[in-house]
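Working notes, beginning with the structure itself.
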Amino acid sequence: MTQRERVLIAPSILSADFSRLAEEVRAVEEGGADILHIDVMDGHFVPNLTVGPLVVRALRPVTALPIHVHLMIEKPERYIDVFAEAGADLITVHVETCPHLHRTLEQIREAGARPAVVLNPATPLITLQEVLDQVDLVLVMTVDPGFGGQTLIPGMLGKVRRLREMLPDDVAAPRIEVDGGVNKETLADVVRAGADVLVMGSAIFEEAGGPAEAVRDYRRRIEALLTSPAPCDPTQKRRWSRRD
Ligand code: DX5
Ligand code: ZN
């Protein structure tokens, strides 16, 4: 149940300016980001199309940041090897797309990347139980996947807290990552719920001061949260456990 002392920032390039992609990636690295998050969508599993391994390969020499590929595609096993070969350090597959999840996670490790698993908002945590020892990270979608700039589903904070309780009290336990709707308004809630890694797209790339300054600002905010005690709010549990 240990939340890491450092909460990592993972900018999602989905909200970046694609005409200046390398520049945008260098900016988040300069701002102190920890992981680069690349959203891969196939127009089938999710109603949107984005990028493939060519973009991972193009960005690999641009940054020293670990590249995390979030596969929102049907039959992800067809593309794991090519993404690993293109330079992905961490590959995440959706539970909903993997009937042979154990095999798929093994395939990711054998391809030389770190395996991770992701759950849609409606998918229960119990679906992870048999694979927790295979993954380096569990991603909890806090929006329905497919688009940037959506609003965090409040009920997902309870899911993050329950996942934190499910995991062993051990630094070797998978990290908990959240993706979708993380911004200044929701930051305190996701950090206090127990997230170790925060994916942020629009909050980083659509910030007026630019992405480097946005990363620095979120770093300061996270450090302030981790060093200050959570406010005593007896209504919080009830408020966030309600489905609305
Ligand atoms: C959505 C993607 C996210 C997206 C998050 O399906 O998985 O990574 O970029 O965007 P924001 O942070 O704007 O909600
Ligand atoms: Zn994502």
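The values are calculated or read from the model by the stated rules, or taken from the named source; none is laboratory data. Note that this is a predicted model, so its numbers are computed, not measured. Note that we place each Cβ from the backbone using ideal geometry, even for glycine, and neighbour counts take in every protein chain shown. Areas reflect the complete protein model, heavy atoms only, side chains present, ligands, DNA and RNA absent. Shrake-Rupley method; radii C 1.70, N 1.55, O 1.52, S 1.80 Å.
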- Note on the structure: Considering residues that are surrounded by fewer than 20 Cβ atoms within 10 Å (Cβ to Cβ) and either more than 22 Å from ILE176 (Cα to Cα) or touching a Phe, Trp or Tyr at 6+ places or on another chain (Cβ under 9 Å) (or both), the number found within segment 87-96 is 2
- Query: Restricted to segment 14-49, and to residues that are within 14 Å of ligand 2 (Cβ to nearest atom) and assigned to a helix (DSSP H, G or I), which residue is nearest to PRO66 (Cα to Cα)?
  - Reply: LEU14
- From the set of residues in segment 114-123 that are crowded, with 21+ Cβ neighbours inside 10 Å and free of Cβ contacts under 8 Å to residues at least 40 places away in the same chain, which is farthest from ligand 2 (Cβ to nearest atom)? PRO115
- Task: Enumerate the helices (runs of 4 or more DSSP H) found wholly within segment 124-213, keeping only those where 3 or more residues are of a type outside the set (Asp, Glu) and within 16 Å of ligand 2 (Cβ to nearest atom).
- Result: 202-205
- Task: Scan segment 142-169 and report the pairs whose first residue is modelled with pLDDT under 95 and whose second residue is β-branched (Val, Ile, Thr) and open to solvent by 20 Å² or more (accessible area, probe 1.4 Å), with Cβ atoms within less than 7 Å and a gap of 6+ or a chain change.
- Result: ASP169/THR2
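Yes/no per residue for (1) within 18 Å of the chain's Cα centre (by Cα); (2) on the phi < 0 side of the Ramachandran plot; (3) crowded, with 20+ Cβ neighbours inside 10 Å:
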site: ILE9; (1), (2), (3): yes, yes, yes
site: ILE13; (1), (2), (3): yes, yes, yes
site: GLU29; (1), (2), (3): yes, yes, no
site: LEU36; (1), (2), (3): yes, yes, yes
site: LEU49; (1), (2), (3): no, yes, no
site: VAL56; (1), (2), (3): yes, yes, yes
